[in-house]
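K.L.:
There's a structure below that I have some questions on.
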Ligand code: SF4
Ligand code: SF4
């Protein structure tokens with residue numbers, strides 16, 4: 001994967017051991033920002049929108065694949081910050097990748113969002129309650145998923161047996 005020559009947006013005014021305030025806004029850093037060539041592959045046709053669960057529930061362009069690609073483009077070009085407002089639209093992406101199969105232009109949204117998540121992790125300070133919640137949930141999330149998948153056939157069988 002190549003690094004783009006998008007403008008540097010590192011906040012060099014912060015001491016290295018200081019935690020930035022949540023109000024401060026940055027952009028993508030130089031460590032694998034979303035590739036501009038992948039962003040440019042989107043022709044904004046909107047075919048992916050009906051397949052996107054976050055768009056279907058929230059109903060806003062910025063919570064659609066196309067809207068997020070617009071946001072990545074703007075942040076890459078230094079036209080928008082990696083602010084709380086933009087991060088919340090990336091956070092609402094479920095990573096289901098239904099949009100990639102629906103896209104007639106073959107936009108590799110999976111690679112784009114995979115590059116954006118670590119950028120947010122590095123460059124966007126989360127509030128303490130949000131950090132605590134994430135640290136509480138995410139380590140156990142795979143275990144919960146596996147448990148649900150493991151228990152599901154057992155629960156189904158049990159309910160069928162009890163009905164017969
Ligand atoms: S991601 Fe694909 S389907 Fe969605 S707007 Fe862009 S080109 Fe169209
Ligand atoms: S991966 Fe994200 S943008 Fe694509 S369909 Fe799923 S929720 Fe929508």
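K.L.:
For the structure I just gave you, tell me whether residue 119 is in contact (Cβ under 8 Å) with a residue 12 or more places away in the chain and within 16 Å of ligand 1 (Cβ to nearest atom).
P.N.:
Spelling it out, it is not the case that residue 119 is in contact (Cβ under 8 Å) with a residue 12 or more places away in the chain and within 16 Å of ligand 1 (Cβ to nearest atom).
K.L.:
Quick one: residue 21 ticks every box in (1) closer than 18 Å to residue 84 by Cα; (2) at pLDDT 65 or above; (3) loosely packed, with under 12 Cβ neighbours inside 10 Å bar one, so which box is it?
P.N.:
(2)
K.L.:
Could you list all residues from region 30-57 that are surrounded by 15 or more Cβ atoms within 10 Å (Cβ to Cβ) and either more than 10 Å from ligand 1 (Cβ to nearest atom) or in a helix (DSSP H, G or I) (or both)?
P.N.:
Correct list: 32, 33, 34, 35, 36, 38, 39, 49, 51, 54, 55.
K.L.:
Here's something else I'd like to know. Pick from region 76-118 the residues that are more than 16 Å from ligand 2 (Cβ to nearest atom) and either part of a helix (DSSP H, G or I) or under 9 Å from the mean Cα position of the chain (by Cα) (or both): which of them is surrounded by the fewest Cβ atoms within 10 Å (Cβ to Cβ)?
P.N.:
85
K.L.:
If I ask for residues that are away from ligand 2 (no atom under 12 Å from the Cβ) and touching a residue at least 40 places away in the same chain (Cβ under 8 Å), which ones from region 59-75 would you list?
P.N.:
Correct list: 75 only.
The values are calculated or read from the model by the stated rules, or taken from the named source; none is laboratory data. All of these numbers come straight from a predicted model, not from anything done at the bench. When we count neighbours, we look across all protein chains shown, and the Cβ atoms used for this are built from the backbone with ideal geometry, even at glycine.
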